[in-house]
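Structure first, then comments.
The values are calculated or read from the model by the stated rules, or taken from the named source; none is laboratory data. Just so it is clear, the structure is predicted and the values come from calculations on it, not from any experiment. With ideal geometry, Cβ positions are generated from the backbone for all residues, glycine too; neighbour counts draw on all protein chains shown.
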Amino acid sequence: MTVYGGIEAGGTKFVCAVGESPETIHDQIEFATTTPEETIGRAVEFFESFIEEIAAVGIGSFGPVDPDPGSPSYGMITTTPKPGWQNVDILGRIGSALSVPVAFDTDVNAAALGEHRWGAARGLHTFVYITVGTGIGGGAMVEGSLLHGLVHPEMGHFRIPHDPERDPFAGTCPFHGDCWEGLAAGPAIEERWGAPGEDLPEDHPAWPLEAHYVALGLMAVVCIISPQRIILGGGVMRRSFLFPLVRSELQDLLNGYVQDPAITEEIDATVVPPALGDRAGVLGAIALAARARDG
């Protein structure tokens, strides 16, 4: 039997799985992200019991990371604000411990790949996967290729309009204050309103403001990448009532400029939740591994 290993390396938790597809996951484990030594060690220990069957491992990691195979710091988590995880060679440690091919990308690019292979982006060539949770991150496929560049997209850290009269909150991002992540990620909701989003009722004033901020970010994504579909995941977007609010705000902000039925008439099918749900990241990591094995 040939199987693949997948690691969704998150800043809060790691999810590790062994399998070939959503229907054939042979084992899975998740655990808190503590120190690099303990966390990576637990991942290695999980895969060691399958070492005779594993053909390759894929890692979708929180970041920032270096995804450039030609770089001396390839496979490293670089300038993350998470204490103790700066400049950690996660790819090197996993690869040397398991002695199998290891593929590496951002967590959101991995989730995008998973959705392309098995989920809400099947049959598309240009789309975006955005997570709104502990942070905001975006992965993209453009004309069939995952988007990289100088390093990789950091969609959560571009600036969106911030009206201090409507929202005097200064933002939570330690680098940029009121960037998209600083205004709209889960920690911003909790700090602004004094309670986590999952505890706020549907009629709370937090949600029209959140929908506005999410839509402002999506407007920039639509205008820059022109995606065929936008997949919105992450803990904040589990509040499903946000989707119609975000879609309506996005249409209002675009104001008729993008004249395509996907925006003007069929936006319910254009801005969607992930078909793979919370498994998009780890399944995407398995898809990364399969690509590494298949070339």
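Data overview
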read-out: Unmet requirement for A121, which otherwise passes all of (1) assigned to a helix (DSSP H, G or I); (2) under 17 Å from L276 (Cα atoms); value: (1)
read-out: Candidate set from region 145-191 (those that are modelled with pLDDT under 95 and of a type in the set (F, W, Y)); member that is nearest to the chain's Cα centre (by Cα); value: F158
read-out: Single residue of region 27-77 satisfying the filter (assigned to a loop (DSSP other than H, G, I, E, B) and without any contact (Cβ under 8 Å) to a residue 24 or more places away in the chain) that is surrounded by the fewest Cβ atoms within 10 Å (Cβ to Cβ); value: G70
read-out: Residue tally, condition within 17 Å of A111 (Cβ to Cβ) and in contact with a helix residue (DSSP H, G or I) (Cβ under 6 Å, 6 or more places away or on another chain), over region 218-229; value: 1
read-out: Residue in region 15-26 that is within 17 Å of the chain's Cα centre (by Cα), at pLDDT 95 or above and either surrounded by 14 or more Cβ atoms within 10 Å (Cβ to Cβ) or of a type outside the set (G, A, S) (or both) present; value: yes
read-out: The listed residue being crowded, with 24+ Cβ neighbours inside 10 Å, in the same structural domain as S240 (by TED's automatic domain parsing) and modelled with pLDDT of 95 or more, out of V142, V128; value: V128
read-out: Some residue of region 19-32 being among the aromatic types (F, W, Y), within 23 Å of D294 (Cα to Cα) and touching a strand residue (DSSP E or B) at 6+ places or on another chain (Cβ under 9 Å); value: no
read-out: Top-ranked residue in region 88-122 [being farther than 25 Å from V142 by Cα and of a type in the set (V, I, T); ranked as surrounded by the fewest Cβ atoms within 10 Å (Cβ to Cβ)]; value: V100
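Each row is one residue, and each column tells you yes or no for (1) β-branched (V, I, T); (2) under 18 Å from K82 (Cβ atoms); (3) out of contact with any helix residue (DSSP H, G or I) (no Cβ under 7 Å at 6 or more places or on another chain); (4) in contact (Cβ under 8 Å) with a residue 60 or more places away in the chain.
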{"position": "F158", "(1), (2), (3), (4)": "no, no, no, yes"}
{"position": "R166", "(1), (2), (3), (4)": "no, no, yes, no"}
{"position": "H176", "(1), (2), (3), (4)": "no, yes, no, no"}
{"position": "E181", "(1), (2), (3), (4)": "no, yes, no, no"}
{"position": "A188", "(1), (2), (3), (4)": "no, yes, no, no"}
{"position": "G197", "(1), (2), (3), (4)": "no, no, no, no"}
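Conditions tested, residue by residue: (1) within 22 Å of H157 (Cα to Cα); (2) modelled with pLDDT under 95.
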| site | (1), (2) |
| --- | --- |
| G11 | yes, yes |
| E37 | no, no |
| A43 | no, no |
| V57 | no, no |
| P64 | yes, yes |
| M76 | yes, no |
| I90 | no, no |
